[in-house]
Structure formats: structure tokens, C-alpha cells
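Comments concern the structure below.
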Amino acid sequence: MSMLAAVVQRDLRLAWRRWPEFALPPLFVVLVASLFPLGISPSQAVLELIAPGVVWVAALLAALLGLELLFRPDYDDGALELLALSPHPLAAMAASRIAVHWLVTGVPILAVAPLVALMYSVPLEVLGVLMLGLLIGTPLLSLIGGIAAALTVSLKRSAPLLALLVLPLCIPVLIFGTRATALASSGLSAAAALYLLGAMLVLGVTLAPLAAGAALRISLE
Amino acid sequence: MNWTWFHKLGSPPHFYRIAGAMIPWFGWPAAVLLFAGLYGGLWLAPPDYQMGDGFRIIYVHVPAAWLSMAAYVALAVSAAVGLIWRMKLAELAARNIAPLGAAFTLLTLVTGSLWGRPMWGTWWEWDARMTSELVLLFLYLGYIALHDAFPERRTGARASAILALVGLVNIPIIHFSVEWWHSLHQGATITKLSAPSIATEMLVPLLVMALGFTAYFTAVVLVRLRVALLESERDTAWVRALGADDV
Amino acid sequence: MSEFFAMDGYALFVWPAYAVTVLLMAWAAIAPWLQHRRLRRAIRRGNR
């Protein structure tokens, strides 16, 4: 466990030095969100309808941003090989790296989501559900992304491949997440959708690090 | 339990021979079943009281959809066997199932679109079933792309096997959304075998077709596997011995 | 017979669906079969 903490601490310190990593995903979300009114229509009714979907899609794309570099530096400088030789399971290392990815992309997105909701005049009770959904859903995006990043770590140009691998697997997250807000905005309980997201998160937290660890080991062969 | 048969099956020359012997046993029934199903579906089955003769697309659409999903399960199982036991044959099987599965997924989408146009007035309906079939197509393409991205074939096979298993975990979740989503599609009609909501003379050709598609798929995968084995074992003694047998 | 081909007015949708299916399945079966034959022939020639 102390090794896990040490890895998380190191990664956070590294991320802190490269501050654009924090700033870029939320900026990206706001940027993408500001394109839709220009591209579709600035009318209130339309914006209110598409707001949750826009936030979710933007979050999905933003999660892809730093993914290529999730394990790449460690792979390139040989640190990954040393970790693989150490008695600590690679899955634990993958889990800590994924957690850091969520802290530097997921949390800033969460912070900026209310701003987007404001731009789109989303009602307050819907915003609550949207935030709750994002809170459960963004770690899932990092977890799924972590598997794909581990699979492609040894490949040279992996960004387009990453998008092809990650986006289809994220579709259920998108469906449940936007379903929750759709239920909330029609005055119904969003609990079912949020529970489903939660169930997926439990599944993801248990399985994704194992899959990512196995993928890293294969990439090192 | 004696596992020699399993190891023997995994040996390329042995499997090459067995597959060659098995192909007619799947190929001919497939041909007979497919022609019988075509005849039954196009001619014998009565027109639907609501959709008229338009419903006959069901006899290619549903078997293709069934195969698109069954093929993914077969792919994931082969990939898992290849990953766990490092069985080269299973790795080749997974990679050779993938393009066929993708083709049948695409076929499902095309026939579904051709069915949707007269029935619902749209070529594409964003309902859960069409959408999950589209996601399945992406899963197949992602698997193939990842597999072939590695310079070393066996590394690619092992990495993409993990992706296939992740996809397999995801498929029930995607499928569940089918149940949950409100959709224009008629509900699952054949799975409720106890109280079939489809007439028997309509159902029989459908089952015949589904069986025919499955036999066809097995036969084609075996042929593809034989080709893959010959290509990857080109310089081994058993392949050269094959050439001597042929004369 | 012409009634059969008309398919209740759905001919434009039913027949293309069947045509695509038949073409795809025929091609997917014949292509690897021909490739197998080609490979076997190449191996035999390589031996000589």
C-alpha cells in the first residue's frame, strides 16, 4: 500500500509540474461546449435539451487527451520494466496511474461542468443529477481509457487507435449518464440510471486494473 | 481427465487434417439448410398480416444478427484460450473469426436498414438494437486494428485478446440497454420459446436459416484457419510434406 | 410468378437485402477456398 501511495504521490507531483495537464481538459470541455450553440442554434429550448449530452461527449473526448501519455514515459525510460520485475503487481501500478489520470482530467471536468450548465441554462435539479452522474462516470472513462492505454503503450502512433478502442466501450457510460439527466429533466427519478452507472463503476474498479496490468505485461514481452 | 486430445488438437498438422475432414460435414448441411431456409422463407411462409411480404427480410436479418453476436463470443473464447494456454491455433482462430463477424455485423446493419425504410420510413433508426449492433461493429474493427498494429503477430494476438475479453464483459451491458431503452423494434420474438408470438410456419424457416448460417460460419472459419496455418507454418516440415502428398 | 417477384410492393427492399446477403456469403466462402487452393499449389511447386 505504501508503494501505491508513493507512486500516486510521485505522479501527482509530476502532473503538478506539467500544469497544462490540469488546465487542458476543462478548457477543452468549455471550448467544445461553446461550439454547439454556434453550430446548432443559440435558442434556449435547444440548448437545454442538448446540454447534458454535450457535457458528456466533451468529457469523453477530454478523457482521451492525456491517455497516450498515461504509461508511455515509463515505458520509454524503462521504469515500467523495473516495476514489472519488482514484487508489486503491475495491476496496482496501473490502478494508481489511472487514479491520477482521473484526478488530473476527471476532477477538473467536474469543476467546469456547472459553468457549461450555466451557459446552457440547465435547471438546478438537472444539474445535480448531471454532476452526480459525472462523478460516477468520469472514473469509468479513466478506467476504460487505462486499459486501452496499457494495450497500446508499445505502439508508436497510438492516438487514433486509442479513440477507436475507447469510445465504443464508453458508450454504455454515455447512455446511462445522459439517461439520468433525461429522467431528471422530465421530473422522474434518476436513481435507476445512477445505480447502473455505480454498478459499472464497481465492475470497472475491480476488473480494469487487472486488465491494464495484464496488458502492460504483454506490452513488455 | 486425459487432456492429450486437447494438446493434439492444438498441433497445427493435426488440426489442419481434422479441419479438412470436418469442412464437408459443415459445408454441405449449411448449403442444404440455407437453400431450404430460402425456399421456406421466400415461398412457404405466409405474408405477415401487418407487414405483408416486407417481413421476409427477417430471414436474412435475424440470422445475421444472431451470427454477429455468436461470432463475437467465439472470438473472445478463442482469444482467451490463446491467452491462457498460449495456444497458437486459438490465436489464429480469433483473428480469423473477426473479419467474418464484422462482415455479418455490417450485413445486419444493411438488411436492418432495408427493412426499416418501408416499415418505419427511415433508413436508420437510432434505437438500442441498431445502435448496439453498430457498437459491435466498432468492437470488431477495434480488435482487428489493435491486433494488426503490432509488428509481432503473437504480441498482437495477446494484446487484442485482452481487448476482446473487455468487449465481452461490455456486451451484456450494451445488451441490457436494449431491454431498458424504449425502442421502435418489436420485442424479442424468438427467445420466448414457451409462448412464441410468431406463427410456426414463419418460425421454422427462421430457425432453419439460423442453423444454416451457423453451419456456414463454422465451415468458413475452418477454411480460413487452414489458410492461416499454411501461411504461418510455410517453412515447416509438415507443410512441405503436404506438397509431396499432392503430386 | 410476377406476384412473387413484386413482394407485395416491397421488392425494392426485400430483393436487395437477399442479394447483399447471398453475395457476401458467397464471396466470404469462395475467397478463402481459392486462396487455400492457390497456397497448396504454391507449396507443391516450391517442393520441386
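The values are calculated or read from the model by the stated rules, or taken from the named source; none is laboratory data. A quick note: this is a predicted structure, and the numbers were derived from the prediction, not measured. So basically every Cβ, Gly included, is an ideal-geometry build from the backbone, and we count neighbours across all protein chains shown.
Condition first: part of a loop (DSSP other than H, G, I, E, B) and either more than 8 Å from chain B (Cβ to nearest Cβ) or under 20 Å from B:M209 (Cα atoms) (or both). Now tell me which residues in the stretch C:1-35 satisfy that.
Restricting attention to the stretch C:1-35, the residues satisfying the condition of being part of a loop (DSSP other than H, G, I, E, B) are C:1, C:10.
Passing the criteria: only C:M1.
So which residues in the stretch A:29-66 are assigned to a loop (DSSP other than H, G, I, E, B) and buried (at least 19 other Cβ atoms within 10 Å of the Cβ)?
A:G66
Among the residues of the stretch A:99-109, are any closer than 20 Å to A:P37 by Cβ and either out of contact with any Lys or Arg (no Cβ under 6 Å at 6 or more places or on another chain) or not in a helix (DSSP H, G or I) (or both)?
Yes; the residues of the stretch A:99-109 include at least one that is closer than 20 Å to A:P37 by Cβ and either out of contact with any Lys or Arg (no Cβ under 6 Å at 6 or more places or on another chain) or not in a helix (DSSP H, G or I) (or both).
For the structure I just gave you, tell me whether B:V208 is within 27 Å of B:W25 (Cα to Cα), within 12 Å of another protein chain (Cβ to nearest Cβ) and at pLDDT 85 or above.
no
Please verify whether the stretch A:129-145 includes one or more residues that are without any contact (Cβ under 8 Å) to a residue 12 or more places away in the chain, within 13 Å of chain B (Cβ to nearest Cβ) and within 27 Å of A:S34 (Cα to Cα).
Among the residues of the stretch A:129-145, not one is without any contact (Cβ under 8 Å) to a residue 12 or more places away in the chain, within 13 Å of chain B (Cβ to nearest Cβ) and within 27 Å of A:S34 (Cα to Cα), which makes the answer no.
If I ask for residues that are outside any helix (DSSP H, G or I) and either more than 8 Å from chain B (Cβ to nearest Cβ) or within 25 Å of A:G133 (Cα to Cα) (or both), which ones from the stretch A:188-221 would you list?
Within the stretch A:188-221, A:L188, A:S189, A:A190 qualify.
Could we say that A:L69 is under 25 Å from A:F176 (Cβ atoms), without any contact (Cβ under 8 Å) to a residue 40 or more places away in the chain and surrounded by fewer than 17 Cβ atoms within 10 Å (Cβ to Cβ) here?
It is false that A:L69 is under 25 Å from A:F176 (Cβ atoms), without any contact (Cβ under 8 Å) to a residue 40 or more places away in the chain and surrounded by fewer than 17 Cβ atoms within 10 Å (Cβ to Cβ).
Please determine whether any residue of the stretch B:112-122 is assigned to a helix (DSSP H, G or I) and under 19 Å from the mean Cα position of the chain (by Cα).
First, the residues of the stretch B:112-122 that are assigned to a helix (DSSP H, G or I): B:112-120.
With the extra rule that they be under 19 Å from the mean Cα position of the chain (by Cα), the set shrinks to B:112.
Yes, the stretch B:112-122 contains a residue that is assigned to a helix (DSSP H, G or I) and under 19 Å from the mean Cα position of the chain (by Cα).
Kindly establish whether A:V29 is more than 16 Å from A:S154 (Cα to Cα) and touching a residue at least 24 places away in the same chain (Cβ under 8 Å).
Working: more than 16 Å from A:S154 (Cα to Cα): yes; touching a residue at least 24 places away in the same chain (Cβ under 8 Å): yes.
Yes, satisfied.
Name the pairs: first residue in the stretch C:1-23 and under 17 Å from B:A45 (Cα atoms), second residue exposed (fewer than 11 other Cβ atoms within 10 Å of the Cβ), Cβ to Cβ under 8 Å, at least 6 apart or on different chains?
C:F4/B:W43; C:A11/C:F5; C:W15/C:F5
Could you count how many residues in the stretch A:165-221 are surrounded by fewer than 17 Cβ atoms within 10 Å (Cβ to Cβ), under 30 Å from B:T155 (Cα atoms) and free of Cβ contacts under 8 Å to residues at least 24 places away in the same chain?
Summing the residues that are surrounded by fewer than 17 Cβ atoms within 10 Å (Cβ to Cβ), under 30 Å from B:T155 (Cα atoms) and free of Cβ contacts under 8 Å to residues at least 24 places away in the same chain in the stretch A:165-221 gives 5.
Would you check which residues across the stretch C:36-48 are assigned to a helix (DSSP H, G or I) and more than 7 Å from chain B (Cβ to nearest Cβ) and list them?
Those that are assigned to a helix (DSSP H, G or I) and more than 7 Å from chain B (Cβ to nearest Cβ): C:R37, C:R38, C:R41, C:A42, C:R45.
Answer yes or no as to whether A:S121 is away from chain B (no Cβ under 14 Å), in contact (Cβ under 8 Å) with a residue 12 or more places away in the chain and assigned to a helix (DSSP H, G or I).
No; evaluated as a whole, the condition is false for this residue.
Scan the stretch A:124-161 for residues that are in a loop (DSSP other than H, G, I, E, B) and in contact with a Ser or Thr (Cβ under 7 Å, 6 or more places away or on another chain) and jot them down.
A:T152, A:V153, A:S154, A:S158
For residues that are touching a helix residue (DSSP H, G or I) at 6+ places or on another chain (Cβ under 7 Å) and not β-branched (V, I, T), scanning just the stretch A:5-24, find the one that is modelled with the lowest pLDDT.
Within the stretch A:5-24, the match that is modelled with the lowest pLDDT is A:E21.
For B:Y49, all conditions in the list (1) away from chain C (no Cβ under 12 Å); (2) without any contact (Cβ under 8 Å) to a residue 24 or more places away in the chain; (3) not charged (D, E, K, R) hold save one; what is the number of the exception?
Every condition holds for B:Y49 apart from (1).
For (1) within 14 Å of chain A (Cβ to nearest Cβ); (2) over 30 Å from B:E152 (Cα atoms), each residue gets a yes or a no:
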position: B:I84; (1), (2): yes, no
position: B:N96; (1), (2): no, no
position: B:A102; (1), (2): yes, no
position: B:L107; (1), (2): no, yes
position: B:T122; (1), (2): no, yes
position: B:W126; (1), (2): yes, yes
position: B:M130; (1), (2): yes, yes
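Give the residues of the stretch B:26-46 that are of a type in the set (A, V, I, L, M), away from chain C (no Cβ under 11 Å) and surrounded by fewer than 19 Cβ atoms within 10 Å (Cβ to Cβ), sorted by residue number.
B:V32, B:A36, B:L44
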